Structure formats: structure tokens, C-alpha cells
Amino acid sequence: MASEGKQGGARENVTEVNPITGMSGREMKASYWWVTHQVILRKIGLGILVAIDALLLLYSLYAWGSYALYGYWKERAMLRDMTVTHIPFKQYRERHQPAELAPGEVTLFDSGTKAGWKDMLAPIENPNERWIASVAYHFEDGENITPEETAVILPGASTYLGALGYAASTTVSAPELVISATGWMTASARRVPDPALYMEQRLDFNVGEPVIVKPGTGKEDVKSYQIAFDITNATAYSYWSVPLWILLYNNNTQVGVEQAVLEPFLAGETKKVDVRSLLTSRSINKVEVIPRLNVFDAGVYRPLE
């Protein structure tokens, strides 16, 4: 009995194979299902393809319709817009161009060089923090026109424009400053991050107490004012030449102007400045010294020896 049970179980696990086709029963069933459903599957596949084509066609019709009704006109507007600049160049230039120089009133002095000659001096301010101004200028009073001169006004600085020793052909009473040309140059932000500090480090000149000798009171009994003072180059830089304005005051009233040039002016050096002024109509008791040195010009520096 046990032997028969084992044989029956063995027959159940044996896969039946068709002796003619060599296919198993499972393969026969699958083949039969495919044959009986082949037409339906083909219709389903064709339906899916038709649906996809229909969707693509609808999308294409929508895209072209949208372009015809909206996109075409938008494209035309974009092409027209491309030919018109919207960059505010005028506002940009106005915002980034330097502010104008601010000259003051001209002061007329009797020259301290020769009787009958005139000195003219006008204060001027550069309000720009980074722009360096170079100007050509002269003074006019009717037929009297002084020779053209040039000057540099450093960023944020106040200085003077002057014409000294002018021999007028007629009486000069109310001269006007005429700036005939102005050039601008910016101090490089990479090379000069802080222009004010840059200038402070290169214009550190210490002026000693001036000695003012009135005409006829000195040992030499000269007929002119003698103004002498020491000036020290407290910077780390040596210069080929340092021109100076020397403003003369009676208390707080400006009464005259002289000029001097220090050649050369080495780092740490102290020089004695001695100028004479024939200005005898007004008393002089105070002196102001203003260097006229363009420290942004590499040519003013004297190499270390």
C-alpha cells in the first residue's frame, strides 16, 4: 500500500508533454490564450497608438493656436523691444560723474614782488572723494588777461588758484577767475582704497613757528618784510620738488601771498624757507603754508638712494 502511494505521488509531479508538439500543458494553454486573444490585443494596441496620436495632434493644434493668437504678437513686441535700450545711461553718467569744482571769490593784492604789480588768488574746492581735477585757468578784468596756468586739485581738498606778479596795462579792480579747461582722473580703488588717508600720509609737512621781520627793523635794515620758517618732511617719501603757497595775514584778514619751491625735499628733512615781501601797506603777523603737490603723480617721488 505504501509503495502504491509513493508511485501515485510521483505521477502527480511529472509534467505532461505532448508527444507530437513537444510542448508542456502550460505552454499549450498560453499559446491557446494568445491565439484566441490576438485580435483583441491588436485592437487595444492600435487604440493606444491612436489615442497618443490624437493627444499629440491636440497639443500641436493648441500650441500653434496659442502662438497665432498670442505668441506671435509677443515675439514681435520682444523684437521691437530689443532695438530700444532700457539702460539709464544718462542717470548712470550723472550718478558716476564728478561733482563740479567750487571756486570762491577772487582776492586782489598789491604784489609783494614789485610795486605796481598785482597778485590774484581764488580759493577752490574739489568736493569729490575719489576724483582728481586738473584745470587750466586765468584771470580776467576787462582788457587785462593773465597768462594761462595749470593746477591740480586733489580729491576732497581745498586749495588756491593764483596769478602772481601780473603787470596790468590798465587798472585792475575786479578780476574774475576763468577756468578754461577741466580734466578728471579717478584714484584707483585697488591702488588707493582710502584717498584721504593716502594724501594724509604723503602731505605730512610740519611747519615751524614763523619769524616775521618788519621792514627797517632787522639787522640788514631791508625795506621789505622778511618771513622765515622751518618746514619738515614728516612723511616716508622723498620728492623732487614741492611748491608752496605762502598766505600772509593780518590777524584773520588775508593781505598777501607769496610762493616758494623746495627742491628736493627728502623724507625726514627740515628746510628753512625765507621769503621777502614788498607789501608794506598792511601789517603781517600770521602765515599759512599750503603745499601744491600732486601726490597721485608717480613722477613727483624721488627714489631712495
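Taken together, the values in this text are just the output of simple stated rules run on the coordinates, not laboratory data. Source: prediction; values computed, not measured. Because the Cβ atoms are built from the backbone with ideal geometry, glycine has one as well, and the counts that use them run over all protein chains shown.
For this structure, a couple of remarks:
- Spacing of the modelled spin labels on Ala102 and Ala236, each 7 Å from Cα toward Cβ, amounts to 3.4 nm.
- Modelled this way, with points 7 Å down the Cα-to-C-beta line, the labels at Trp73 and Glu263 are 7.8 nm from one another.
- Neighbour counts of other Cβ atoms within 10 Å put Lys271, Lys29 in the fewest-to-most order Lys29, Lys271.
- Within a Gaussian network of the chain (alpha carbon springs, distance under 10 Å), most fluctuating of Gln97, Gln254, Gln38: Gln38
- As a calculated quantity, the FRET efficiency between Leu57 and Tyr32 at R0 = 35 Å, using C-beta atoms, amounts to about 0.35.
- Per-residue Cβ neighbour counts within 10 Å put Asp194, Asp274 in the sequence Asp274, Asp194, beginning with the fewest.
- Scattering curve values for region 99-191, log₁₀ I(q)/I(0), Debye with Cα scatterers, q = 0.10, 0.23 Å⁻¹: -0.29, -1.09
- Once the C-beta distance of Tyr249 and Asp81 is scaled by a Förster radius of 45 Å, the resulting FRET efficiency is 0.10 to the nearest 0.05.
- Taking 7 Å steps out from each Cα toward its Cβ at Glu140 and Lys286 produces label points 3.5 nm apart.
- Gain in span if fully extended, Ser158 to Arg190, counting 0.36 nm per residue against the direct Cα distance: 9.1 nm
- Net charge dipole size for the chain [Lys, Arg +1 and Asp, Glu -1 on Cβ; Debye, nearest 20]: 1720 debye
- Mean shadow area of the chain, taken as a quarter of the surface of its Cα convex hull (nm²): 46.4 nm²
- The Val178 and Asp204 beta-carbon pair, evaluated with R₀ = 41 Å, returns a calculated FRET efficiency of approximately 0.75.
- Straight Cα distances below 20 angstrom link Lys214 to the lysines Lys114, Lys223, Lys272, Lys286, with same-chain residues fewer than 8 positions distant left out.
- Near Glu269: Cβ cut-off under 12 Å, other residues only, Lys/Arg at +1 and Asp/Glu at -1. The net charge is +1.
- Exposure proxy ranking, count of Cβ atoms within 10 Å, fewest first, for Glu305, Glu105, Glu27: Glu305, Glu105, Glu27
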